[in-house]
Amino acid sequence: MNIQKLIILFTPSLLKRIAFICAFICALQGFSQSTPSVQSKVDTTFIKIGEQINYIITVETDSTDLVFFPEGQTFSPLETVESFATDTTRKKNRLRLQKKYALTQFDSGVYTIPRQRIAINEKPFFTDSVQINVATVPVDTLTQKMYDIKSLIAVEKSNSRLWKIIAAIIIGLLLLAFLLYWFLLRKKELTEKEKEALLPAYDRALLELKRLENSRYLIQDEYKRYYSELTDIVRSYLEEDVHVSALESTTDQLIDKLEILKDAGELKLEDDTIKQFKRILQTADLVKFAKSKPATTIAEEDRKSVEQIVIKTKEALPEPTEEELLQQEEYLEELARKKYRKRVFLAAGIGFGVILISIASTVAYFGYDYVKDTVIGHPTKELLEGEWVSSSYGYPALNIETPKVLTRKNIRALVDSTAQDDGAISSRDMFVYGSMLDRFYVAVNTVEVEEAMKKLALSGAFGEEKPSEDELTRKFLTYISEQSIKTIEKQGAKNLIVKNDAYAIEGAEGLKVYGKFVAESKLTGEKLNYNYQLYFFVEKKACHTLVLMYQDDDKYAEPIIDRIVQSVKFKTDA
């Protein structure tokens, strides 16, 4: 009975269903094996500033898949220190890829590493974000001693830039001298053409005819060039010595001019010579314009005839009069003057060029502003580079180094006038350079404060409780600095920015008050930005006040300020 039930149960349709379910389960298992997996982890989530963490990405995928890990600074706000090579392990047809990154951060705080994108067969996969705590490095101030910042060490100013400027100037002057000598003073050897150009017209004509005789024009059958040069030689001579416009005249015009001069008695030529010259010119015209070709012997004879014509013309010319000689001398002097002016212009051009090159080189090396301030001048630049003065001011004396000697002015200290009127603060004369709200201002003042602090304490300026001596000194410095700020405001300062820091020099406790303000210039009336620095030192029961003010855009003022502050010393023998 049980066997029959089983046979009925396993009908063909049921067997097909079971086979389909088994195949589906096998396919599902195969799909799950080929799906990539991405994981990430860090070795720690708590580091100190500058320490590194290892961020590891692990990918399991088929051996045929293409995997791309993130590169570059994708872990911001953390910085990537190093990206290590990918570690690969194989298991059957699966790969296990592991990529490690070294990350760090130099600021304390809590940072989140963002999700990282891994591309597998161009399909994106993302890791989880991770939170990292970056803590500061604790400093044990009880066991470790604290030291003041060391003062600046004075270093001698290097003269290398000065020597470069001097060398550049010397090289420029040598170059200018060489150019002047080469183009103006040097006696240059004349070339053959220059020597020939200096010859008289008669000698030059005979020399050119001799050169034409030795030419190869007739051998090369170049009659046109031969006759062109032949007629040009004689025409040029006639134009220079006989003073007729021969180069631009036709044959007939030139012959007519010669005959007129002959008839006027200015040119004693025979008729045969003029006729012979006319024949040669007509032959030359036929050769040049009608392509005529005379015999070689005729051409040679024509050259000899022209040479004789030149000689006879020279002999036929009358002796020049004194007036003509004078005119010729004036003409030569004018030529000399033109030549001299040409040399002067050339020298001026060379000098201007050297100066221009020197200026351009200096501007390129030092900058336009520096060159402009050096050439035209700049008030604070002259103060900075001038001879400084070291002197003592007030009592007890304060020794300070300044660009100029500070002058004594019978005014009160930079404190509120009401406090002075009450007699709380007894001030001495102030030593100043410049004026407040000027381009640059320096002032030094010394105030005896022992009695002043007592009076101010009794008046309640420091509160009802009796402060200690150190606290009283600090409160006094704060009080006098506040009064000084009020005085600056009374001078027209607006929008004051006030900062203050404790300051000490040579063991004397002090206060530095500094900042910026806007005020109208006393010279131009325009609104300008100013910087100010106020130093207050209590030493030997006296308060020394150092006031420094300068325009904000003055780049030469800051080095002056630094040098003045570094030079402050107290006179212990006072």
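The values are calculated or read from the model by the stated rules, or taken from the named source; none is laboratory data. In this text, all values refer to a predicted model and were calculated from it rather than measured experimentally. Note: ideal-geometry Cβ built from the backbone for every residue, glycine included; neighbour counts use all protein chains shown. Note: accessible area is taken over every heavy atom of the protein model, side chains too, but ligands, DNA and RNA are not part of it. Shrake-Rupley method; radii C 1.70, N 1.55, O 1.52, S 1.80 Å.
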- Which numbered condition trips up Leu247, out of (1) open to solvent by less than 70 Å² (accessible area, probe 1.4 Å); (2) touching a helix residue (DSSP H, G or I) at 6+ places or on another chain (Cβ under 6 Å); (3) in a loop (DSSP other than H, G, I, E, B)? (1)
- Query: Tell me, which residue of segment 86-120 that is touching a residue at least 40 places away in the same chain (Cβ under 8 Å) and of a type in the set (Gly, Ala, Ser) is farthest from Asp62 (Cα to Cα)?
  - Reply: Ser108
- Note on the structure: Taking first residues from segment 186-215 that are at pLDDT 75 or above and second residues anywhere that are open to solvent by 70 Å² or more (accessible area, probe 1.4 Å) and basic (Lys, Arg), the pairs with Cβ under 8 Å that are 6 or more apart or on different chains are Tyr202/Lys314
- Message: For segment 99-109, check the following and say yes or no: at least one residue is of a type in the set (Gly, Ala, Ser), under 20 Å from Asn133 (Cα atoms) and not in a loop (DSSP other than H, G, I, E, B).
- Response: yes
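So which of Lys268, Lys314 ends up being among the charged types (D, E, K, R), open to solvent by 70 Å² or more (accessible area, probe 1.4 Å), in contact with a Phe, Trp or Tyr (Cβ under 7 Å, 6 or more places away or on another chain) and in contact (Cβ under 8 Å) with a residue 40 or more places away in the chain? Break it down stepwise before answering.
Details: Lys268 fails: in contact with a Phe, Trp or Tyr (Cβ under 7 Å, 6 or more places away or on another chain).
The match here is Lys314.
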- Task: Confirm whether Lys41 is closer than 21 Å to Val130 by Cβ and exposed (fewer than 14 other Cβ atoms within 10 Å of the Cβ).
- Result: yes
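Mind counting the residues in segment 94-117 that are among the small types (Gly, Ala, Ser) and open to solvent by less than 40 Å² (accessible area, probe 1.4 Å)? Step through it out loud before you land on a result.
Kept after step one, since they are among the small types (Gly, Ala, Ser), are these residues of segment 94-117: 102, 108-109.
Still in the running and open to solvent by less than 40 Å² (accessible area, probe 1.4 Å): 102, 109.
Total meeting the criteria: 2.
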- Restricting segment 496-516 to residues that are in contact (Cβ under 8 Å) with a residue 24 or more places away in the chain and acidic (Asp, Glu), which is most open to solvent (accessible area, probe 1.4 Å)? Glu506
- Which numbered condition trips up Gln276, out of (1) closer than 14 Å to Thr313 by Cα; (2) modelled with pLDDT of 90 or more; (3) buried (at least 19 other Cβ atoms within 10 Å of the Cβ)? (3)
- Note on the structure: Within segment 317-345, the residues that are surrounded by fewer than 10 Cβ atoms within 10 Å (Cβ to Cβ), part of a loop (DSSP other than H, G, I, E, B) and at pLDDT 70 or above are Glu319
- Query: Do you know which residues across segment 281-300 are part of a helix (DSSP H, G or I) and either over 15 Å from Thr250 (Cβ atoms) or in contact with a Gly (Cβ under 6 Å, 6 or more places away or on another chain) (or both)?
  - Reply: Val287, Thr296, Thr297, Ile298, Ala299, Glu300
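From the residues in segment 486-495 that are in contact (Cβ under 8 Å) with a residue 40 or more places away in the chain and either of a type in the set (Asp, Glu) or surrounded by 20 or more Cβ atoms within 10 Å (Cβ to Cβ) (or both), which one is nearest to Ala443 (Cα to Cα)?
Going through segment 486-495, the residues in contact (Cβ under 8 Å) with a residue 40 or more places away in the chain turn out to be 486-488, 491-493.
From the residues that got through so far, the ones that are either of a type in the set (Asp, Glu) or surrounded by 20 or more Cβ atoms within 10 Å (Cβ to Cβ) (or both) too are 488, 493.
On the way: Ile488: 13, Ala493: 17 Å.
In this case the residue turns out to be Ile488.
What helices (runs of 4 or more DSSP H) lie completely within segment 350-439 and have 2 or more residues being under 23 Å from Glu482 (Cα atoms), modelled with pLDDT under 60 and not polar (S, T, N, Q)?
Details: elements: 368-375, 379-385, 417-421.
By residue number, 417-421.
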- Query: What is the residue count in segment 67-93 for residues that are open to solvent by less than 50 Å² (accessible area, probe 1.4 Å) and over 18 Å from Lys41 (Cβ atoms)?
  - Reply: 1
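Consider segment 216-225. How many of its residues are open to solvent by 90 Å² or more (accessible area, probe 1.4 Å) and without any contact (Cβ under 8 Å) to a residue 40 or more places away in the chain?
Applying the first criterion (open to solvent by 90 Å² or more (accessible area, probe 1.4 Å)) to segment 216-225 yields 216, 219-220, 224-225.
Imposing the further condition that a residue be without any contact (Cβ under 8 Å) to a residue 40 or more places away in the chain reduces the set to 216, 219-220, 225.
Selection size over segment 216-225: 4.
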- Checking Pro559 against (1) at pLDDT 85 or above; (2) in a strand (DSSP E or B); (3) of a type outside the set (A, V, I, L, M, F, W, C), which test does it fail? (2)
- Would you kindly identify the strands (runs of 3 or more DSSP E) lying entirely within segment 498-555 that contain at least 1 residues that are basic (Lys, Arg)? 508-520, 527-539
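Given the criteria loosely packed, with under 11 Cβ neighbours inside 10 Å and of a type in the set (A, V, I, L, M, F, W, C), does Ala205 qualify?
Values: loosely packed, with under 11 Cβ neighbours inside 10 Å: no; of a type in the set (A, V, I, L, M, F, W, C): yes.
Here the answer is no, as Ala205 does not meet what is asked.
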- Message: I need every pair where a residue in segment 517-545 that is modelled with pLDDT of 80 or more has its Cβ under 6 Å from the Cβ of a residue that is among the aromatic types (Phe, Trp, Tyr) and open to solvent by 40 Å² or more (accessible area, probe 1.4 Å), sequence separation at least 6 or different chains.
- Response: Gln533/Tyr514
- Tell me which residues, restricted to segment 274-291, are touching a residue at least 12 places away in the same chain (Cβ under 8 Å) and not basic (Lys, Arg). Ile274, Gln276, Phe277, Ile280, Leu281, Gln282, Thr283, Ala284, Asp285, Val287
- Query: What are the residues in segment 298-311 that are among the charged types (D, E, K, R) and open to solvent by 80 Å² or more (accessible area, probe 1.4 Å), if any?
  - Reply: Glu300, Glu301, Lys304
